[in-house]
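The values are calculated or read from the model by the stated rules, or taken from the named source; none is laboratory data. Nothing here was measured: the structure is a model prediction, and the numbers come from that model. Neighbour counts are summed over all protein chains in view; Cβ atoms, including those assigned to glycine, are modelled from backbone coordinates with ideal geometry.
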Amino acid sequence: MNPENTQYPYEPEFSVKKLFNERINNIKYVLQFKKILVLVLITGGLLGALAAWIWTPTYTARLTFVVDDSKSSGGGGLSALAGLAGFDLNGIGGGSGVLAGDNVQELVKSRKLIKATLSTAYDSTQTLADRYAAVNKLNKKWLKYSSDGKITRFPLNAIHNNRLQDSLLHEMTESILNSEFEIAKTDKKLGFFEVNVTMKDEKLAQLFCSRMINQSTDFYINTKTQRLRDNINRLQKRADSIGMILNHKTYAAAAANQNTLDLNPAYTATNAKIEVNERDKIVLSGIFTETVKNLEASKTMLAQETPTVQIVDEPELPLKKNKLKYSVGILVGIFLAGLIFGFYVLLTRKQAKI
């Protein structure tokens, strides 16, 4: 050995064969305690069966929907027509909107919409939030926060919620988002979305899943079409106002013409008044025609811009029941018991050697 290297500790070469033999020896050593090992495995299996028996089942509500937004690809048919003329309208229209494409997933997971869904009715006596708190035993846990010692209840539509109710709704929302609610695209190339809600109450899971999508759908469509609907309302009010004025001018012009039949043609002032009324009527008629034309065009555009959210599969009772099977519980119990026993035996052997 080179004396220059004596200052460094000797490191044995790594050997897979040696490592494998060490594991085999460890297993043989553990198997020496056959009677205790059998007892431990039986105990583990019994504990696994007990865990499967007391395991609280959950229910999964599955819903699939598709979003058909004809304007999400740069203006749809308008873009194609403009392309024939040499213009590029990509990016104009719904495709550049805030709610375009995959943003639908983030919208459905909105905390605002989840709170609104929890504030809907479960039955005639309680809301979804009340039922969720009862099923998860949160209402008793929250008694310490109640000033009067009573269980906190949640009114319909979150009307006049106090600070405590808002805080508890926020806690439920976080719990649902973290472990009980999931949305994903079934295929990145398609517009299909799948929503899964897993809760301990079957009816609660079904109602929450369906109403959550209804809330999201209404919010999505209203947001996408808000600008056009506001424009239609303005044009409708303007058309109604101009129509009333035009009717008044028409009746006034007719009355003026009737009065001139008995007047002396030499009175030019009266003739001038008739001409002014006719002119105003013609101008108002032109403005009214253009306003109505723009109103109808806006209505047509609104129909084209309104996206369609179609429910493909709805959650139907009975829902998928998630429960730990006895066979799985027993096998997992046996495996964990044997693993823990093996580690304990090997650890005590090493300590005895030390």
Please indicate, with yes or no, whether at least one residue in region 238-248 is of a type in the set (Asp, Glu) and closer than 30 Å to ASN277 by Cα. yes
Consider region 189-231. How many of its residues are under 16 Å from ASP68 (Cα atoms) and either crowded, with 17+ Cβ neighbours inside 10 Å or in contact with a Ser or Thr (Cβ under 8 Å, 6 or more places away or on another chain) (or both)? 12
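Is it true that some residue in region 134-143 is within 23 Å of GLU182 (Cα to Cα), of a type in the set (Lys, Arg) and modelled with pLDDT under 90?
First, pick out the residues of region 134-143 that are within 23 Å of GLU182 (Cα to Cα): 134-138.
Going one step further and asking which of them are of a type in the set (Lys, Arg), we end up with 137.
Subsequent filtering for residues that are modelled with pLDDT under 90 retains 137.
Yes, region 134-143 contains at least one residue that is within 23 Å of GLU182 (Cα to Cα), of a type in the set (Lys, Arg) and modelled with pLDDT under 90.
To keep it simple, each residue is scored yes or no on (1) modelled with pLDDT of 90 or more; (2) within 22 Å of LEU295 (Cα to Cα).
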residue	(1), (2)
THR225	no, yes
ASP230	yes, yes
ASN247	no, yes
ALA252	no, no
ALA255	no, no
TYR267	no, no
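Does any residue of region 138-145 turn out to be in the same structural domain as LEU118 (by TED's automatic domain parsing) and under 23 Å from LYS323 (Cβ atoms)? Steps first, please.
Of all residues in region 138-145, those in the same structural domain as LEU118 (by TED's automatic domain parsing) come to 138-145.
Retained after the next criterion (residues that are under 23 Å from LYS323 (Cβ atoms)): 138.
Checked against the condition, which is being in the same structural domain as LEU118 (by TED's automatic domain parsing) and under 23 Å from LYS323 (Cβ atoms), region 138-145 yields at least one hit.
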Restrict the check to region 169-180 and report whether at least one residue is free of Cβ contacts under 8 Å to residues at least 60 places away in the same chain, in contact with a strand residue (DSSP E or B) (Cβ under 6 Å, 6 or more places away or on another chain) and of a type in the set (D, E, K, R). yes
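Can you list the helices (runs of 4 or more DSSP H) lying wholly within region 35-128 that have 1 or more residues being modelled with pLDDT under 60?
On the way: elements: 77-84, 103-108, 111-118.
Filter on region 35-128 gives 77-84.
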Restricting region 281-313 to residues that are out of contact with any strand residue (DSSP E or B) (no Cβ under 6 Å at 6 or more places or on another chain) and of a type in the set (Asp, Glu), the one modelled with the lowest pLDDT turns out to be GLU305
Can you confirm whether region 180-200 contains a residue that is part of a strand (DSSP E or B), under 13 Å from the mean Cα position of the chain (by Cα) and small (Gly, Ala, Ser)? yes
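Just to be sure before I move on: is SER216 among the hydroxyl-bearing types (Ser, Thr, Tyr), within 30 Å of ASP280 (Cα to Cα) and assigned by TED's automatic domain parsing to the domain that holds ILE114 in the structure I sent?
Working: among the hydroxyl-bearing types (Ser, Thr, Tyr): yes; within 30 Å of ASP280 (Cα to Cα): no; assigned by TED's automatic domain parsing to the domain that holds ILE114: yes.
The answer is no for SER216.
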Evaluate region 308-326: report whether one residue or more is touching a Gly at 6+ places or on another chain (Cβ under 9 Å) and among the β-branched types (Val, Ile, Thr). no
